[in-house]
Structures are given as structure tokens and as C-alpha cells.
Amino acid sequence: MAIQIYGIPLSVAVRRALVVFKELEVPYDLVTVDIIKGEQKSDKALKNQPFGKIPYLHDSDNDLTLFESRAIARYIVGKYDKSGKSGLLPTDEVDAARFEQAVSIEVTAFNPPANGVANELVFKPVLYKKETDQAKLVEALASLNDTLNVYETILSKQKYLAGEYLTLADLFHLPLGTVLTDMAKLNVLTTDKRPSVQRWWKDISSRPSWLVVKADTTPLVFTTE
Ligand SMILES: N[C@@H](CCC(=O)N[C@@H](CS)C(=O)NCC(=O)O)C(=O)O
């Protein structure tokens, strides 16, 4: 039986996990949990994801339940790429440390301001029909630009965030980055003013794995199994 991922195709965190399945061509079943209806807070969902969020995974091979998209991504690489051929999860001590450094940057320096901007420009007005808070938007955008200026310095010296090879740390940027470029129509990742960020973003956002995940824009109307 294929691994089951619980969530919806449009969720940023679900997509962060799904792109890794696609990279490694690992089949999965997406079991929909409607976050608009609040199904992530049901008793059943809370048993699997105690914070009441999506995604979570169930692997019937070892009866494993796992949540947090980045942990799911690591699990999939660990299980299906034992030889480490993909390079997505480095094991050499130096490469592994550089990888953790890059993941930490994504979690602490990119994700919060990128999520703040996406929240004000897309999630609030489009999904929740709420008004944009201009002050919060300006603050998040300034912080995001600060981060991407540092990314420019890093990426002017190496091809990817953890070094010369693509890792999960790069892929983790794809869902929120795409909300910024495709939905909020911002040029923060594509501007000529940051040529190395532009080169990196063009490279990772055109990967076939991501194009497949991004193409699934199933509307937010679901039933849970
Ligand atoms: N750090 C978590 C974040 C999960 C998350 O925030 N998921 C959102 C959807 S993208 C969610 O479930 N929102 C509904 C809620 O918070 O009630 C992960 O990466 O899995």
C-alpha cells in the first residue's frame, strides 16, 4: 500500500513534502483533510497531528505516523534513497552540517517573513476574505528582502544553499516562494538586482518534480475519508 499523506494539494506544507515524493518517484495517496472546514482539529486528526495541522503521514509498512513536512521529507529520502544517490540529504559530516545550516536558514530567516508576506497578500484576502494589514506587510517585506540580500551573498559563491549540490534545503523554499512569485506576483526571487538568487530560483522552480506538484490546484472543497 502506498504511503498516505493527509492534507490538501494547495497547502504550502503539504507541497513541501509532496515535491520530495516526486523527486524520488515514490508513489503516495493524498487523503484530503479540509482545513477550511476545520477537519484538522477533529479527534482523529489530532491523534495523528497533535498541533491540528496538515500534513501528516501514515506508512503501513511499519505503521508509522509522522507529522511536520520537513521531517516527512527526510523520512522519504532516508527510506527510498538509502544509497544517498540523490544527494538530497547529505551524510558526510561536513556536507550534513552545511545542510543543517541551510535548513536552519530556511526555517528561521526565510519562512517567517515569506509567510508574513504571503499571509497579507494571498492567504488573508483570498482564502479568508480578510483585509491586508499594510503595516505587517511592509515589515515582513523588509525582513524578506534583508534575508534575500544575504542569500545573494551566499549564492554568489555556491550553486545551492548548502553547497554545490541540490538538497532538501533548496526544495523546502518552493511552496512559499511560488506563492510569492505566482500568486502575490512579487519579483523578490526573480529581480535582476539579485542575479544569484534569480539563477537559483529559476533552477529549482523549474524542476519537473515541482512543476507536477504545483500543477495540482484542486480547489478547497473536500471530504475526509
Ligand atoms: N510546520 C508545519 C506547518 C504545518 C501548517 O502550518 N499547515 C497549515 C497548512 S499549510 C495548516 O494546517 N493550517 C491549518 C491550521 O493551522 O489550523 C509543517 O511544516 O508541517
| Looking at Asn111, is it within 20 Å of Trp200 (Cβ to Cβ), at pLDDT 95 or above, open to solvent by less than 60 Å² (accessible area, probe 1.4 Å) and in a helix (DSSP H, G or I)? | yes
message: If I filter region 202-222 for residues that are of a type in the set (Asp, Glu), open to solvent by 10 Å² or more (accessible area, probe 1.4 Å) and closer than 30 Å to Thr91 by Cα, do I get at least one hit?
response: yes
Filtering region 97-108 for residues that are open to solvent by less than 30 Å² (accessible area, probe 1.4 Å) and touching a Pro at 6+ places or on another chain (Cβ under 8 Å) leaves a count of 1
Counting only residues that are hydroxyl-bearing (Ser, Thr, Tyr) and out of contact with any Leu (no Cβ under 8 Å at 6 or more places or on another chain), region 149-205 contains a total of 6
Of the candidates Lys136, Lys130, the one satisfying the condition of being more than 20 Å from the chain's Cα centre (by Cα) and part of a loop (DSSP other than H, G, I, E, B) is Lys130
Being assigned to a loop (DSSP other than H, G, I, E, B) and open to solvent by less than 10 Å² (accessible area, probe 1.4 Å) narrows Leu176, Leu180, Leu166, Leu189 down to just Leu189
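The values are calculated or read from the model by the stated rules, or taken from the named source; none is laboratory data. The shown structure was predicted, so the numbers you read here are calculated from the model rather than taken from an experiment. Glycine gets a Cβ as well: all are built from the backbone with ideal geometry, and neighbour counts include every protein chain shown. Protein only, heavy atoms only, side chains kept; ligands, DNA and RNA dropped before computing areas. Shrake-Rupley method; radii C 1.70, N 1.55, O 1.52, S 1.80 Å.
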